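The structure under discussion appears below in the form of structure tokens.
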Amino acid sequence: MGNRQSQTDVILIGAGIMSATLGVLLKELAPDWNITVFEKLSKAGEESSNEWNNAGTGHAALCELNYTTEKPDGSIDISKAISVNEQFQVSLQFWSYLVRNNLIEKPEDFIMPLPHMSMVQGEENIAFLKKRFEALSNNPLFEGMEFSEDPKILEQWMPLIMEDRDHNDKIAATKIDHGTDVNFGALTRMLFEHLQKDDTVTVNYNHLVEDVKRTEDGLWEVKVRDTKGNILAYHTAKFVFLGGGGGSLHLLQKSGIPEGKRIGGFPVSGLFMVCNNPDVVEQHHAKVYGKAKVGAPPMSVPHLDTRFIDNKKSLLFGPFAGFSPKFLKTGSMFDLITSVKPDNIVTMLAAGAKNFPLTKYLIQQVMLSKEQRMEELREFIPNAKSEDWDLLVAGQRVQVIKDTETGGKGTLQFGTELVTAEDGSIAALLGASPGASTAVQVMLNLLERCFPEQMKEWEPKIKEMVPSYGMSLMENPDLLQEVKEEANKTLHLDQNDNSTSDILQRA
Ligand SMILES: Cc1cc2nc3c(=O)[nH]c(=O)nc-3n(C[C@H](O)[C@H](O)[C@H](O)COP(=O)(O)OP(=O)(O)OC[C@H]3O[C@@H](n4cnc5c(N)ncnc54)[C@H](O)[C@@H]3O)c2cc1C
């Protein structure tokens, strides 16, 4: 490639929650390292991490039914729920550390306490929910979970959902008070503000990374276009993180590393309905997750969510899935087609053949009229009025497609995939679930894989930031209690001390 313009220790591509988290972790662990960030948009946290582009659920498996599956013998597999919860505890510990040490301020600007509930209808679903409750409620990670089929109790928990409901409807719910609503957009911006105070960090907005290549001396060279002046420049680094969200797959393919071969991406878009009537908004105070429809992908489980954005309470319902060939909301209509390469074409074709029902489901979702979407909302709020709700286009999720031993060729993955080069000099994050909630754990995994030689030296500092690092909290209930109390105090999550109006007033 052309002339080099700068050399740095670390390049982070993309200014979303993942790069923000990795940047802050690295600054705590290796303060002398120089970090350069390139972001194609004009601000941080504008794509999937933006508050209006995701659901803001602090995913801890407290209410998401897709993290607990029913085994053929009828028992409930809670292993995924435990893993998601443990990962969220890691995020809470890290965020607490940042607030305690004044690296970021005002936790109520990015995290709010909010009950998490699961709500189901019909005998069969109620039996499942009850079994799920029994399997989880004795586990220290899910302490405080309640189950009820009693309409009087359900009316207290979720008045808007119970109002005007036919009393013959069989309905049940679980509730856990220590759930959260997280404004990942605000958090991303706060983390970048903190990073930008450091002389060793340079953040370049309006800079699109067009290519990533290995140089002969073993460094990585990125070709960057300053989109304001249309100027090209080349920058090198010892380590590059491809944190472009939906844009990461193309960048990974450009890097040419063997670990990035035979991987494809399938974009699924998200739409929410947002309530414009403050009287309706006031009547709900929870995240209430339902059960996914047959054939629906796990990320389109319907939920009715109280959100706290810009010091204001809002109410969102969704997501409705949809199909667009773009990999980013601000992406190109050619993203899907240009991601098909000779090494992944068989994988992609196999996925296409296997996932015909999903494609059909997504096309049906795109075709839904507002009234049809309102009908789905009325399963949650029986008397919902069309004029109170507007449609909101959320972010794009690019689901990873790869060949797996269990699923065979072209298997669609619904999780997060960390792809790293064998020598640890480059890493990419693909996929979007559980997503932003697990950013800290995923970035710690990245550090272990890419910086094994530094880990021994870094471990004491990591333990200072995340006291449970390397341990299972479920198996260490005393430590769990300790870190929970600390997070509740520092992040102002204790429901007993904080009414929502108090918190909003303070924010
Ligand atoms: C509808 C929906 C609902 C969701 N709900 C939740 C939820 O409730 N809870 C949760 O935890 N997670 C949720 N997620 C997932 C979560 O939003 C993502 O996992 C997370 O935001 C991804 O962060 P990121 O930093 O990887 O990507 P992003 O936030 O998308 O950031 C990537 C950045 O890279 C930039 N970029 C891309 N390519 C280039 C390039 N070539 N050069 C320069 N810059 C580039 C982009 O402009 C962007 O700013 C949801 C996602 C969606 C779409």
Which residue is nearest to the ligand (Cβ to nearest atom), if the candidates are limited to segment 420-450 and must be among the hydrophobic types (A, V, I, L, M, F, W, C) and either within 14 Å of Val10 (Cβ to Cβ) or in contact with a Cys (Cβ under 7 Å, 6 or more places away or on another chain) (or both)? Met443
Of residues in segment 30-45 being under 27 Å from Asn183 (Cα atoms) and among the small types (Gly, Ala, Ser), the one farthest from the ligand (Cβ to nearest atom): Ser42
For segment 183-208, enumerate the residues that are of a type in the set (D, E, K, R) and either assigned to a helix (DSSP H, G or I) or free of Cβ contacts under 8 Å to residues at least 24 places away in the same chain (or both). Arg189, Glu193, Lys197, Asp199
Where in segment 107-160 are there strands (runs of 3 or more DSSP E), lying wholly inside it, with at least 2 residues that are crowded, with 21+ Cβ neighbours inside 10 Å? 111-113, 116-121
From (1) within 19 Å of Val419 (Cα to Cα); (2) in a helix (DSSP H, G or I), pick out the condition that doesn't hold for Asp211. (2)
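Residues being of a type in the set (Lys, Arg) and either in contact with a Leu (Cβ under 9 Å, 6 or more places away or on another chain) or in a strand (DSSP E or B) (or both): count how many of those fall in segment 434-468.
So the count comes out to 2.
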For residues that are within 15 Å of the ligand (Cβ to nearest atom) and among the β-branched types (Val, Ile, Thr), tally how many sit in segment 153-210. 6
Residues of segment 387-436 being surrounded by 18 or more Cβ atoms within 10 Å (Cβ to Cβ) and of a type in the set (Phe, Trp, Tyr), which ones? Trp389
Positions within segment 310-335 being on the phi < 0 side of the Ramachandran plot, within 13 Å of the ligand (Cβ to nearest atom) and not in a loop (DSSP other than H, G, I, E, B), in sequence order: Leu316, Phe317, Pro319, Phe320, Ala321, Gly322, Asp335
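Computed from the coordinates by the stated procedures, all read-outs in this text should not be read as laboratory data. Remember, it's a predicted structure, so these values are computed and weren't measured experimentally. Note that we place each Cβ from the backbone using ideal geometry, even for glycine, and neighbour counts take in every protein chain shown.
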